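Engineer: The structure follows.
Please treat every number below as a calculation from the coordinates, not as lab data. Only a predicted model underlies this, so the values are computations on that prediction, with no experimental measurement involved. A quick note on method: Cβ atoms are made from the backbone with ideal geometry, for glycine too, and the neighbour counts reach across all protein chains shown.
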Amino acid sequence: MVDVQEKLKAIGPYREEPDDDMLICRCEEVTKGEIRQAVHAGMFTMEEIRRYLRTGMGLCQGQTCGKLVKGIVARELKVSPLDIEPATSRVPMRPTEMKILARDGGACDE
Amino acid sequence: MSKMTADVIIIGGGVNGCAAAYYLAKKGVCDVIVLEADKSIGHGGSSRNGGGVRQSGRDMRELPYAMYAVNNMWPTLSEELGVDVEYYQRGNLRLGKTEKHLKKLEGLASGSRALGLDMKVVDAQTVKEICPYLSDEVIGASWCPTDGHANPMLTTLAYYKRATELGVRFITDAKVEKLEKQRGRLRRVIMKNGEIFEAETVIVAAGYESRYLSRTVGVDIPLYTYFEEALVTEMQPHMFDIMLGTADGDFYGHQSRHGSFVFGSDSGLEGDIDMPLDELKTSSLTASAGCRAIIGYIPLLADAKVVRTWGGWIDMCHDGVPVISKVEEVPGMILACGFTGHGFGTAPAVGLMLAQMALEEETSVDISALRYDRFKPVR
């Protein structure tokens, strides 16, 4: 069980850092500072972070920034990146046009 | 764990649970614990739905509070919570391609009109004026100009964030085993790891699992499950801000603030899914069926790339509307479950009313038709 209030207290308040405006997720233009602030607002899991900030939800689907985001979240939470569960991978494995997906032999497929 | 007691315990960190926690705190009751079974807040249907904020086509038992949320809560929610929840109130078109479709839409529209909602059936030309990107096969649609959509993930997390700021204690990865009465009143929430939380009032807003929990104190609610899937495309040029659905019910969705299109759909085979509740795997069939339906109504999207698909369990109620109710046999328990796939748009009103019920106040809207004991034998 994770008590959010206790964990927020344990990690201390958000403090600005000189490189907070560095872009981490380039597709969705999310900065390091935004990720750090999200953790201090209670977004502790990769699932919450990506829903809150859209990190890893753009063109590359997190292939570029996934590890970086994880590292930043882990540092704020004062744990090892190995302790942070990755967000769920989603089908399709690469972006696929609707007209291709639609051609699967289903009822209205012509 | 520091303190195991609270004035109110809420089981379920979904949008309804988070909203109830926020409205309790706003009323000054900050001694609230929210128990979420998963590691992430909003892990269930709250983050997996299509984001519709819809009044049209609602049952007369829930339309009043759906309208209450649209009239009094959604327009100012982003400002109130300090997070932009991407609410758009630009209307909902439900599209028809056949005379049979139009007949169904006319029925829906006249039903909603009778209940005081501005909804009508419009012809093909008017549909084109509202949304020029639709197929020429569309011969008409129902139109509700006050419907809209919002971002369900942000809405859920915004309630969570604001409630946390106000002092509510959220506990994640907190799996409840059972509820227990003491001296005739619900008092204890017993966790799977044996720990025990106690409160005067317990709100159960745990989706389908609410059924298991309420059964541990002798109350059974006729719920069943349904697995629904959704997909999202890459960012597209801005096309429209309305919410779309079809008379056929083969898909629904909208273009998000981000530019991507979010659509929910099904394959027709969902009734036979036998996955365990903790599995959330998408089928290899549904996205394809959805794409066919979508292209059939919005041909321009044929070249749009799908980047993700996902699915979620819906807590279906036997008669299609939720149970939002105190329980006479179990004083101290408040149930909020069975939202049947359309609980997101009403969540602000439901959260507020759950807070009111917990504080023994009169609810903003009469919801006595949603009582837990309304189910009677039909033979």
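Engineer: When we measure straight from the Cα of B:Lys100, which lysines land under 18 angstrom away, once same-chain ones fewer than 8 places off are left out?
Structural biologist: Reachable lysines: B:Lys120.
Engineer: Give me the aspartates and glutamates in straight-line cross-link reach of B:Lys26: C-alpha distance below 12 Å, same-chain residues under 8 apart excluded.
Structural biologist: Straight-distance partners of B:Lys26: B:Glu80, B:Glu165.
Engineer: By its C-alpha gyration tensor, with a ≥ b ≥ c as the square roots of the eigenvalues, how is segment A:1-95 shaped: rounded for a/c under 1.5, else prolate for a/b larger than b/c, else oblate?
Structural biologist: Details: a/c = 2.18, a/b = 1.41, b/c = 1.54.
It is oblate, given that a/c is not under 1.5 and a/b is not larger than b/c.
Engineer: If you split all Cα-Cα distances of segment B:1-134 into 5 Å bins from zero, what percentages do you get per bin, shortest first?
Structural biologist: 2, 8, 13, 16, 16, 14, 11, 8, 6, 4, 2, 1, 0
Engineer: Amide H of B:Phe251: which non-local residues (sequence gap of 5 or more, or other chain) have their own amide H closer than 5 Å, using H built in the peptide plane?
Structural biologist: B:Thr246
Engineer: Continuing with the same structure: Using the alpha carbon gyration tensor of segment B:286-379, what are the three equivalent-ellipsoid semi-axes (square root of 5 times each eigenvalue), largest first, in whole Å? Mind dumping the intermediate values first?
Structural biologist: Numbers: eigenvalues 284, 56, 26 Å².
Whole-Å semi-axes of the equivalent ellipsoid: 38, 17, 11.
Engineer: Past the 22 angstrom mark, what percentage of all C-alpha to C-alpha distances in segment B:223-317 do you count?
Structural biologist: 28
Engineer: With an 8 Å Cα cut-off and a minimum separation of 6 or more residues, compute the relative contact order for segment B:92-145 in percent.
Structural biologist: Details: 75 pairs, mean separation 28.0, N = 54.
That works out to 52 percent.
Engineer: Quick check on my link table: of B:Lys104/B:Lys376; A:Lys7/B:Lys305; A:Lys78/B:Lys3; A:Lys9/B:Lys175; A:Lys67/B:Lys27; B:Lys3/B:Lys281, which ones sit more than 31 Å apart, alpha carbon to alpha carbon? All intermediate terms of the calculation are to be shown ahead of the outcome.
Structural biologist: Numbers: B:Lys104/B:Lys376 28 Å; A:Lys7/B:Lys305 40 Å; A:Lys78/B:Lys3 24 Å; A:Lys9/B:Lys175 23 Å; A:Lys67/B:Lys27 41 Å; B:Lys3/B:Lys281 37 Å.
Distance filter (> 31 Å) returns A:Lys7/B:Lys305; A:Lys67/B:Lys27; B:Lys3/B:Lys281.
Engineer: Another one. How about B:Lys103: which aspartates and glutamates have a C-alpha closer than 12 Å to its C-alpha, ignoring those fewer than 8 places off in the same chain?
Structural biologist: In chain and number order, the partners are B:Asp248.
Engineer: Could you tell me whether segment B:92-145 comes out rounded, prolate or oblate from its Cα gyration tensor? Rule is a ≥ b ≥ c as square roots of the eigenvalues, rounded for a/c under 1.5, then prolate if a/b exceeds b/c, otherwise oblate.
Structural biologist: On the way: a/c = 3.05, a/b = 1.50, b/c = 2.03.
The shape class here is oblate.
Engineer: Placing +1 at every Lys and Arg Cβ and -1 at every Asp and Glu Cβ, with all other atoms neutral, what dipole size does chain B have around its Cα centre, in debye to the nearest 20?
Structural biologist: Working: 40 positive and 49 negative charges, 93 e Å.
The dipole magnitude comes to about 440 debye.
Engineer: For chain B, which semi-axes, largest first and in whole Å, follow from the square roots of 5 times the eigenvalues of its Cα gyration tensor? Write out the running numbers ahead of the final one.
Structural biologist: Working: eigenvalues 256, 88, 81 Å².
They are 36, 21, 20 Å, listed from largest to smallest.
Engineer: Out of B:Thr76, A:Cys60, A:Val79, whose Cα points farthest toward the positive end of the dipole of the protein assembly as shown (charges: +1 Lys, Arg; -1 Asp, Glu; placed on Cβ)?
Structural biologist: A:Val79
Engineer: Roughly how big is the protein assembly as shown's charge dipole about its Cα centre, with Cβ charges of +1 (Lys, Arg) and -1 (Asp, Glu), in debye to the nearest 20? Intermediate results must be reported in sequence, preceding the final value.
Structural biologist: On the way: 57 positive and 68 negative charges, 96 e Å.
That gives the protein assembly as shown a dipole magnitude of about 460 debye.
Engineer: Where a ≥ b ≥ c are the square roots of the eigenvalues of the C-alpha gyration tensor, would you call the protein assembly as shown rounded, which needs a/c under 1.5, or, failing that, prolate if a/b is larger than b/c, or oblate? Let's see the in-between values first.
Structural biologist: Details: a/c = 1.72, a/b = 1.16, b/c = 1.48.
Oblate is the answer for the protein assembly as shown, as a/c is 1.5 or above yet b/c matches or exceeds a/b.
Engineer: Okay, moving on. With an 8 Å Cα cut-off and a minimum separation of 6 or more residues, compute the relative contact order for segment A:4-103 in percent.
Structural biologist: Numbers: 109 pairs, mean separation 23.3, N = 100.
This gives 23 percent for segment A:4-103.
Engineer: Between the alpha-carbon centers of segment B:94-157 and segment B:1-57, tell me the distance in whole angstrom.
Structural biologist: The distance from the Cα centre of segment B:94-157 to that of segment B:1-57 comes to 31 Å.
Engineer: A further question follows. If you average the sequence gap of Cα pairs under 8 Å that are 6 or more apart and divide by the length of segment B:223-317, what percent do you get for the contact order?
Structural biologist: On the way: 162 pairs, mean separation 41.1, N = 95.
Result for segment B:223-317 is 43 percent.
Engineer: Name the residue from B:Gln255, B:Ile10, B:Ala289 whose Cα lies farthest towards the positive end of the charge dipole of the protein assembly as shown, charges +1 on Cβ of Lys and Arg and -1 on Cβ of Asp and Glu.
Structural biologist: Positive-end residue among those listed: B:Ile10.
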